[in-house]
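Have a look at the structure below before the remarks.
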Amino acid sequence: MEKYQRSNDAGGRHFLPRLHDTYSLAIAFCLVLVGALQAHAELYRRGNPESGCVALTFDDGPGPYTEAVLDVLKAEGAAATFFLTGEHVLAYPATTLRIAAEGHEVGNHSWDHPRRFDFLSASEAASQIARTDAAIEAVLGFVPAIFRPPNGSYDAGVMAIADRPLILWD
């Protein structure tokens, strides 16, 4: 069995994000060719802008507005990637379950979204990721296969500690 599991396969296509939004309120649009992302050292920034695909990502949730976002996505038949913080997963377990049940991708976004993730000690960064993995696994039964560092702050140490693809934006 793989160490990490994706929450959405969508027929072999994964909805990988590229832009940051704040507080699960805004939709981040980008042109990507899903499944054909350009990668460097497990760091994803952009896809093919000529593909005509749109990737939707939501960070920092779930929160009080996530249910409304999920309603819109469901009504429009759209899929998204939700980068969740561990403290919010525990505060909104039913919403977290709904995110996965409706086929959206789930990623780790740290425990409490420290402003400069790359300034944390190795043990602090590892704890942020591990605690969030544990919270998501407790609610959903799997550990996310992707990580988005808060505010896009990362370095080689963060990449090593995350031990999975980092998903950024440009």
query = Just one of the numbered conditions (1) surrounded by fewer than 19 Cβ atoms within 10 Å (Cβ to Cβ); (2) more than 30 Å from residue 77 (Cβ to Cβ); (3) not hydrophobic (A, V, I, L, M, F, W, C) is not true of residue 149; which one?
reply = (1)
task = Confirm whether residue 117 is touching a Phe, Trp or Tyr at 6+ places or on another chain (Cβ under 7 Å) and among the aromatic types (Phe, Trp, Tyr).
result = yes
task = Please enumerate the residues belonging to the range 79-119 that are among the charged types (D, E, K, R), part of a helix (DSSP H, G or I) and touching a Gly at 6+ places or on another chain (Cβ under 8 Å).
result = 118
ask   = If you scan the range 88-109, which residues turn out to be aliphatic (A, V, I, L, M) and either in contact with a strand residue (DSSP E or B) (Cβ under 7 Å, 6 or more places away or on another chain) or surrounded by fewer than 20 Cβ atoms within 10 Å (Cβ to Cβ) (or both)?
value = 90, 91, 94, 97, 99, 100, 101, 106
query = Which residues, taken from the range 70-82, are touching a residue at least 60 places away in the same chain (Cβ under 8 Å) and surrounded by fewer than 21 Cβ atoms within 10 Å (Cβ to Cβ)?
reply = 79
request  = Check off (1) over 22 Å from residue 69 (Cα atoms); (2) touching a helix residue (DSSP H, G or I) at 6+ places or on another chain (Cβ under 9 Å); (3) open to solvent by less than 60 Å² (accessible area, probe 1.4 Å); (4) assigned to a helix (DSSP H, G or I) for residue 131 and give me the number that stays unchecked.
outcome  = (3)
task = Can you work out which of the residues in the range 31-44 that are at pLDDT below 75 and closer than 26 Å to residue 112 by Cα is least open to solvent (accessible area, probe 1.4 Å)?
result = 41
message = Looking for something in contact (Cβ under 8 Å) with a residue 40 or more places away in the chain, open to solvent by 30 Å² or more (accessible area, probe 1.4 Å), among the aliphatic types (A, V, I, L, M) and in contact with a Ser or Thr (Cβ under 9 Å, 6 or more places away or on another chain) - is there at least one such residue anywhere in the range 110-125?
response = no
Of all residues making up the range 43-65, the number that are in a loop (DSSP other than H, G, I, E, B) and within 16 Å of the chain's Cα centre (by Cα) = 4
key: the range 53-67, subset among the small types (Gly, Ala, Ser) and crowded, with 23+ Cβ neighbours inside 10 Å, residue modelled with the highest pLDDT   = 61
request  = Please tell me if residue 85 is among the hydroxyl-bearing types (Ser, Thr, Tyr), surrounded by 15 or more Cβ atoms within 10 Å (Cβ to Cβ), more than 27 Å from residue 53 (Cα to Cα) and within 13 Å of the chain's Cα centre (by Cα).
outcome  = no
task = Find the residue count for the range 120-147, including only residues that are in contact with a Gly (Cβ under 6 Å, 6 or more places away or on another chain) and among the polar types (S, T, N, Q).
result = 1
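The values are calculated or read from the model by the stated rules, or taken from the named source; none is laboratory data. Computed from a predicted structure; not experimentally measured. FYI the Cβ positions are ideal-geometry reconstructions off the backbone, even for glycines, and counts take in every protein chain you see. Heads up: the accessible areas ignore ligands, DNA and RNA and are worked out on the full protein's heavy atoms, side chains in. Shrake-Rupley method; radii C 1.70, N 1.55, O 1.52, S 1.80 Å.
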